[in-house]
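The structure under discussion appears below in the form of structure tokens.
Each reported figure results from applying straightforward, stated rules to the coordinates on display, with no laboratory input. Since the model is a prediction, treat every value here as computed from it, not as a measurement. Neighbour counts are summed over all protein chains in view; Cβ atoms, including those assigned to glycine, are modelled from backbone coordinates with ideal geometry.
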Amino acid sequence: MMKRLCVWLGLFSLIFMLAGCGPKPRLDAARINSPAPDFTLMEIQGKTWTLAELKGKVVFLHFWATWCPSCREELPAIQRLHAALPEDQFVILTVLYNDDPGRAKYMAGRIGATFPVTVDPDGLAAQVYGLTGVPETYIIDQQGILREKFIGALPWDSPESRAVLRKYLSRPSLLE
């Protein structure tokens, strides 16, 4: 009986500890069809990005990490999407989450990434967007409204993914 009680207490303690290991979404986190929270992110090459400066463009805000296998698999599709879209209408910002920028720079170089890789050193952007893990992607329309949230890896260069993004572009034929 005592052994069974110890096993249950140990299991409960483990679950309780693991529940506290991930990012903590805020109660006031970003909501779909509401204004997207502004952010300031620093590109690993030094450029600063803010959402306010991107008004008029669709923003693809993608949180990822080099230690995440599905994130690594997803990056080439994001690069192909980036190459297919005009920068005057669409911006891809990838946000490194809880990771080493040096490793991210190396990985981005290996796949020939031309999209910005940014860091969120204090985790503020992750908090205000309610990040639950990586990969997660947020689509912000040209008026700065958060329209979509995707949890998990997706084939971003697929016809289905392009159809989702197409509805937010002023010239949707760009994704055909």
**Report entry** Part-to-part distance (alpha-carbon centres) for the range 104-176 and the range 45-75, which is given in Å
**Finding:** 6
Report summary line: Answer in debye to the nearest 20: the dipole magnitude of the range 31-171 about its Cα centre, from +1 Lys/Arg and -1 Asp/Glu charges placed on Cβ, is 340
Query raised in the report: Reachable aspartates and glutamates from K55, Cα under 17 Å, same-chain residues fewer than 8 places away excluded?
Result: D38, E87, D88, D141, E148
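R80 to T48: FRET efficiency via 1/(1 + (r/R0)^6), r the Cβ-Cβ distance, R0 41 Å, to the nearest 0.05? Show your work: numbers first, answer last.
Values: r = 26 Å, r/R0 = 0.64.
In this case the efficiency is close to 0.95.
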Query raised in the report: Classify the range 31-171: rounded, prolate or oblate, from the alpha-carbon gyration tensor (a ≥ b ≥ c, eigenvalue square roots; a/c under 1.5 rounded; otherwise prolate if a/b is larger than b/c)?
Result: rounded
Report task. Per residue of the range 50-65, in order, report the coupling 6.51 cos²θ - 1.76 cosθ + 1.60 (Karplus, θ = phi - 60°) as ³J(HN,Hα) in whole Hz, putting x for Gly and Pro. Result -> 10, 5, 4, 6, 9, 4, x, 10, 7, 10, 9, 9, 10, 8, 7, 8
Report summary line: For 116-125, 131-140, ranked highest to lowest by mean beta-carbon neighbours within 10 Å, the order is 131-140, 116-125
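Quick one: length gained pulling R166 to Q143 fully straight, 0.36 nm per residue minus the C-alpha distance? It would help to have the intermediate numbers written out before the result.
Values: separation 23, 0.36 × 23 = 8.28 nm, distance 1.53 nm.
Residue separation times 0.36 nm, minus the Cα-Cα distance, leaves 6.8 nm.
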